[in-house]
Amino acid sequence: MAKKKLQIALYWGAACGGCDVAVLDTDEFILDVAAAADIRFWPIAVDGKYADVERMADGELDLTLYHGAVRNSENEHVAKLLRRKSKTLVAFGSCAHLGGIPGLANLASKEEIFGRVYLRNPSLELGNETIPQPRTDIAAGQLELPAFYRRVYRLQDVVEVDYFVPGCPPAPAQIKAVLLAVVTGNLPPRGAVVGASERAQCDDCPRVKSEKKVRQFFRPYELKQDPYRCLMEQGILCAGPATRAGCGVRCPNTGVGCRGCYGPLPDVVDQGAKWLSAVASIIDSNDPQEIDAILARVADMVGTAYRFGMPASLLQRSMAK
Amino acid sequence: MSFEPRIVGFLCNWCSYTGADLAGTSRIQYPPNVRVIRVNCSARIDPSFVVKALAIGADGVLLCGCHPGDCHYSTGNYKALRRYRLLSSMLGGLGIERDRVRLEWVSASEGQRFAEVVTDMTERLRPLGPSRVLSTLKTDRLER
């Protein structure tokens, strides 16, 4: 009897679609996947409806890669549905793993976001400001829209997650490794971060590191870089010291500081707090006013420190009223 | 009954903890609102300690180290100072009142000063009321 094909699904919650593209970036490998597996549900690439997933038996899917954060009731509904239908559910990419870029919306309240988008947006027609409602009654019946949540959640905040694959997007080599691990059944303990290193970016980074003393921070374009020297030593913010390695040091190799998308190191809860510790300690000043002046060059420290992980941080959101 | 803020205090072993000890042995009265944790140096106070204290319900966090120039490890308190300046501005950006996290220098001989710092901090936290962090995180878990 022929071996039963692997049943897989891919879904996007609050995501940009980059993770789906990353899966396709595995080039001809995706053809091997298609040969070895039935892709049962993949909104960006394959025709399918939620009803098709609902008709599946529980646990019928062997593997689901869930991209994207949980921003609204639709994201949560499908996350729960796919959890029920899947033997293995993977939080795939930074958004599902840590909240990702959509998670930065946790720095504003739902009211602020709606106000900005639907009421005070310069491109709105005056007098035509409308806030979408989850339910609207019209003559033909009731219309429904997914309810927009008060904040962004990670996938693991709404369902149990078996594995995490970090990255914005995950590197193609790791996507292959994850798929092969599932095919061969060679899986790590549940809850593991798969396809990444246990050490910091700096460990993989080929740049030369010496003593760090910074008197001024720069944006990458403001400086003629030394291509061989640590970016932090040159005053370019790099999240490498507080970020898991495994991507191949993609950003620092192109002269841009690490963005932190691979998330915190093992046992670190709050990536931003760890990173700010690293940034602050290299400032070459002992004078409070001067330290503040040096730090003032950084445009958005909160957003920079928690670029991919606001919903995963200890505080998870802004506490402003 | 008036609101009693809960303050977590991280005190360096060489100056501030000894200073707090002196306040005790000298029988100086100060509010019982501070829970003291001894660390070897103010540079040991990782910003995540402060964030965690706030996330699990502290109304304020007090960081104490040796006066500038007096650090037992020569520069640890300067590192603490830089981290504090950055952390404080970040917490401000996250909607947490600046008065909730405070860095003070207290030497081993300044028992009186430690008592004054704790008294002052407690009085400043009282009008702010309880920290909203824990209650907000709890509500977020129950209601979307």
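Each value in this text was obtained by applying a stated rule to the coordinates, not by laboratory testing. Worth saying up front: this structure is predicted, and the values here are computed from it rather than measured. Glycine gets a Cβ as well: all are built from the backbone with ideal geometry, and neighbour counts include every protein chain shown.
A few remarks follow.
- Footprinting exposure proxy ranking of A:His97, B:His72, fewest other C-beta atoms within 10 angstrom first, gives B:His72, A:His97.
- Calculated Rg and Dmax of chain A using C-alpha coordinates, Å: 21.9, 75
- With each label modelled as a point 7 angstrom along the Cα→C-beta vector, the A:Asp292-A:Ser210 pair spans 3.4 nm.
- Residues A:Ile30, B:Ile56 arranged by fewest to most Cβ contacts within 10 Å: B:Ile56, A:Ile30
- Kyte-Doolittle mean at least -1.0, axial Cα span of 30 Å or more - DSSP H helices of chain A: none
- Label point 7 Å beyond Cα of B:Arg124 along Cβ direction - residues of segment A:274-311 with amide nitrogen under 17 Å: A:288-289
- Whether segment A:109-149 is rounded, prolate or oblate, judged on the alpha carbon gyration tensor where a/c under 1.5 counts as rounded: oblate
- Orientation-averaged projection of segment A:146-234 equals 10.5 nm² [convex hull of Cα atoms, one quarter of hull surface area].
- Where labels lie 7 Å past Cα in the beta-carbon direction, separation of A:Ile44 and A:Asn253 in nm: 2.2
- Between segment A:96-170 and segment B:1-72, the Cα center-to-center distance that results, in Å: 40
- Qualifying trypsin sites (Lys or Arg not before Pro) in segment A:83-149, where qualification requires a DSSP coil assignment and no more than 14 other C-beta atoms within 10 Å, comprise A:Arg120.
- Loop-resident sites, segment A:217-249, for trypsin sites (Lys or Arg not before Pro), counting at most 13 other Cβ within 10 Å (DSSP): A:Lys224
- Based on Cα contacts under 8 Å between residues 6+ apart, segment B:7-142 shows a relative contact order of 36 percent.
- The protein assembly as shown: antiparallel DSSP beta bridges as a percent of all, rounded to 5: 15
- Zero-based 5 Å bins, Cα pair distances in segment B:28-144, whole percents: 2, 10, 20, 22, 20, 14, 6, 3, 2, 1, 0
- The residues B:Ile45, A:Ile131, A:Ile282, when put in order of fewest to most other Cβ atoms within 10 Å, stand as A:Ile131, A:Ile282, B:Ile45.
- Average projection, convex hull of the Cα set of segment B:1-42: 3.3 square nanometres.
- Among A:Ala140, A:Thr130, A:Gly115 - extreme Cα towards positive end, dipole of segment A:109-149, charges at beta-carbon: A:Gly115
- Take every Cα pair under 8 Å whose residues are at least 6 apart in sequence, average their separation, divide by the length of chain A, and the relative contact order is 18 percent.
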